[in-house]
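Notes follow once the structure below has been shown.
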Amino acid sequence: MKKGIAKIIAENFLRGVTLLIAVVIVTFLLANASPIDPISAYVGSESAISEEQRAAIAEYWGLNEPPAGRLVSWLKALANGDMGRSYYFQQPVTAVIGERFAQSIMLMGVAWVLSGIFGFLLGVISAACRNSPIDKAIKTVCLLLSSSPAFWLGLLLMMVFAVKLGWFPLGLSAPIGKLAGEVTIWERLHHLVLPAVTLSITGVSNIALHTRQKLIDIMESDFMLFAQARGEGKWQAIRRHGFRNILLPAVTLQFAAISELFGGSVLAENVFSYTGIGQAAVLAGTHGDTPLLMGIALFSALFVFCGNMIANLLYPVIDPQIREVAHAK
Amino acid sequence: MPSKIVAVGKPLVNRRTWTLAIIIAAIVILIGVAAAGVFMLPDAYATNFENKNLPPSFSHLFGTDWMGRDMLARTVKGLSTSILIGVLAAGISSVIAVILGTLSAVMGKKVDQAVLWLIDMVQGIPHLILLMLISFMLGKGLQGVMVGIAVSHWPNLARVVRAEVLAVKNAQFVQASRKMGRSRLFIAVRHILPHVVPQYIVGLILLFPHAILHEASITFLGFGLSPEEPAVGVILSESMRYLTSGFWWLTVLPGAALLLIVLLFDAIGDNLRTIIDPYSAQE
C-alpha cells in the first residue's frame, strides 16, 4: 500500500519540478525580452555615468554574453540561493522575500483558514435550508461577492470600519514609529483583521457555492433517504453522512485556491499598505526592480507548487477510495 | 376567485422569452456603455475647479472629484475602456484555448501531455503575479495588460474544449460516421463543431468578467494605463487618498458600476447556458 502512494507522490513531484524549471526559464526569457535597460535601472535616473563605466558594468555583469550563457550563469547562482540584489530595497532579493513573506504568511494563513471555515459552514447551512430565504440570501451574497473586485471590497471595509467607526487602524502591518521588536502580538493582530477579512471574502463565496451544490446532491441520494428513514434527523444525517462526502472536494478546492490567495494578497496588501510580499511585488514592478520581481514570481510559483503537493499528499489520508486505488496498483 | 386561478396558471411571459429578454437587455446596456465611452468628448470629464468635491446630485450623478471632473463621465469612460480591453483580450485568449484544447484532444497522447503540462505551467504562477510580470516586461501600457490577460486566461477554457472534443470524438455516432467513410473534415465540421461551439461561446462570455476584473486590478496597482487616462482601476486607486476626507462617492459609485458590469456579463453567460443546454432548455 505504501508503495502505491509513494509512486503517485513521486510522479506528482517530478511533474512539479519540471514545471518549476520551466517557470524559471520563462521568467528569464521575459526579463531578457524586456525593454528596461538593467544598467540604467541599477544606476537610477538621477546620476549619470559615462560610457566607459557603463561598458565596465556590462562587462562585470556578463551582459555581453549571449542569452544562453547568461541563463546558465543565472541558474548557477539560483541553485546557490542567490537571486541577485534588489535595486529598490538595496538588499539581497532572498532577504527581502524572507522578511516580507513572514508578514504575508500570517495574513494569507488567517485568511485561508477563515475563508475555508466560513465558506464551508455557509455552504452547509445553505444546502440544509434549501430554497428557504436563508439559502437565497446566502446564494445572492456569494454571487455578489464573487463578482466584485477584491480591492474595492477592501476599500469599502476600510471606509466603514477604519475611517467611520475607527475600530481598526488605517493600514500598515504595525503601528508607525515603533521598532520591530516592540510591536506586540495584539497590535499585529489588530492590523491584520481588515486585510485578512478582505482576502478571505473572495474565497468564501467560491467554496460556499461549491459545498452547497455537493451537499444538495448528496442529500438527494439514496443513502441519505435511508438514513432519514432509520430515524436520523436532518442535522445528524448531515453530520454523519454528509460531511464525510463533501469534505474532500472542499479541501481540494481550498488548496487549489492557494494560487488565487497569493494574487488576492497582492491586492489586499496594497489597499491596506500591509508590508508583505505582494506590496513588495508592486513596488518592484512600478520601480523597475527586475531581480526582485523575478524572485517573487519564482517564489509564488514555488508556493503554489507546495500547496498542490500538500493537497496531493492529503488525498489518500482523507479519501479511502484513493487509498484503495493506490493499493490496487 | 376565478381571475386568481387564471393568473397562476398562465404566467405573463414564458421563461424562455424572459431569459432571452435578460440576455438582450444586458447586451444592449453593455454596448451602450462601451459606445458612450468611445464617443464621449473629453469635455465631459474636463477639469473644472469651480465644482470641486461635490457630492452626488442631479447635475453630477456620481459627484465630482478634487479637480472638479464629473465622476459619472469618468466612470463611463473607464468602464468602456475596461470592457473593450476585457473583450478583446478574452477573445484572443479563447482562440488560444480552442486551438490548444482541440490539438490536445485530437493529436494523440504526446501533444496532449504537452498541452496539459503547458496548462499546469500557466496556472502554476498566480494570475496577478503573471500579469504583473508580463505587463512589466513588455513595458507598462495597454499592450502589456492585453497580452498579459490573453496569455493567462486560456487554461480553463482549453480544459473545457479538450474534454468536450474528447467526449464527442469517441461517441458512437462519430465512430459510425467514420466507419461509413466520412472524411475527417466532414466529421470535424458536422459532428464535433456543433458540440463544441455552444460550450465555447458560454466559456468565452464567462471569461469576460474575469478579464475585466483583472484589468481593473492591475490598473489599480499602477501597472497598465497611465494615471491621466480614466480607467476604473485608476479612479479607485486615486480615491484611496481621499478615503479619510469622507468623499465616499469617489470610491463607492465607480466600484459599484464596475460590479454591475461584471454582473451583466455573468447574467448573459448564465442565461445563455440555460438556453443552450438541452437539459434546461426544455423546462
Exercise. For labels at B:Ile201 and A:Ala10 in the simple 7 Å Cα→Cβ model, what's the distance in nm?
Worked result: 5.0
Seminar exercise, completed: Under the 7 Å Cα-to-Cβ spin-label approximation, A:Asp222 and A:Phe243 lie apart by a distance in nanometres of 2.7
Seminar exercise, completed: For the stretch B:154-271, shape from the Cα gyration tensor axes a ≥ b ≥ c, cut at a/c of 1.5 then a/b versus b/c, turns out prolate
Exercise. By how many nm would the segment from A:Leu165 to A:Ile105 grow when fully extended, if each residue of separation counts as 0.36 nm and the alpha-carbon distance is taken off?
Worked result: 18.8 nm
Seminar exercise, completed: Per residue of A:17-25, other chain Cβ atoms within 10 Å number on average 3
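On average, how many beta carbons from a partner chain sit within 10 Å of the beta carbon of a residue in A:255-264?
Average neighbour count from other chains, rounded to a whole number: 3.
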Exercise. What FRET efficiency comes out for the pair B:Arg190/B:Val95, r = Cβ-Cβ distance, R0 = 22 Å, nearest 0.05?
Worked result: 0.50
Exercise. Per-residue mean of other chain beta-carbon atoms within 10 angstrom of the beta-carbon, peptide A:149-160?
Worked result: 6
Problem set entry | Flagged links, alpha-carbon separation over 26 Å, of A:Lys164/B:Lys77; A:Lys214/A:Lys234; B:Lys109/B:Lys179; A:Lys7/A:Lys214; A:Lys7/A:Lys76 | A:Lys164/B:Lys77; A:Lys7/A:Lys214; A:Lys7/A:Lys76
For this session: May I ask you to sort A:Ser73, A:Ser126, A:Ser147 by Cβ crowding, counting other Cβ atoms within 10 Å and putting the fewest first?
Result: A:Ser73, A:Ser147, A:Ser126
Exercise. For labels at B:Arg16 and B:Ser177 in the simple 7 Å Cα→Cβ model, what's the distance in nm?
Worked result: 2.4
Exercise. Sequence-distant or interchain residues sharing an amide H contact under 5 Å with A:Ala257, placed H: which?
Worked result: none
Problem set entry | Sequence-distant residues sharing a close amide H with B:Asp70 (under 5 Å, placed H) | B:Ala46
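Taking 0.36 nm per intervening residue step and subtracting the Cα-Cα distance, what contour gain separates A:Glu51 from A:Ala256 on full extension?
Fully extending the segment from A:Glu51 to A:Ala256 adds 68.8 nm.
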Exercise. Peptides A:299-308, B:116-125, A:130-139, A:260-269: what's the order by average Cβ count within 10 Å, highest mean first?
Worked result: A:260-269, A:299-308, B:116-125, A:130-139
Problem set entry | Long-range amide H partners of A:Gln91 with built H, under 5 Å | A:Ser86
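Cα-Cα pairs above 33 Å in the stretch A:91-328: how many percent?
Percentage above 33 Å: 29.
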Problem set entry | Calculated from backbone phi, Karplus (6.51, -1.76, 1.60) coupling profile of the stretch A:307-314 in Hz, x at Gly/Pro | x, 5, 4, 4, 4, 4, 5, 6
Exercise. What ³J(HN,Hα) values, in whole Hz, does the Karplus curve 6.51 cos²θ - 1.76 cosθ + 1.60 give for the stretch B:15-29 when θ = phi - 60°, with x put for Gly and Pro?
Worked result: 5, 5, 4, 4, 4, 4, 4, 4, 4, 5, 4, 4, 4, 4, 4
For this session: Rank these for me by crowding, A:Arg230, B:Arg273, going from fewest to most other beta carbons within 10 Å.
Result: A:Arg230, B:Arg273
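No value in this document is a laboratory result; all are computed from the given coordinates. Here the structure is a predicted model, which means the values were calculated and not measured. All Cβ positions, even for glycine, are placed from backbone atoms using ideal geometry, and neighbour counts span all protein chains on display.
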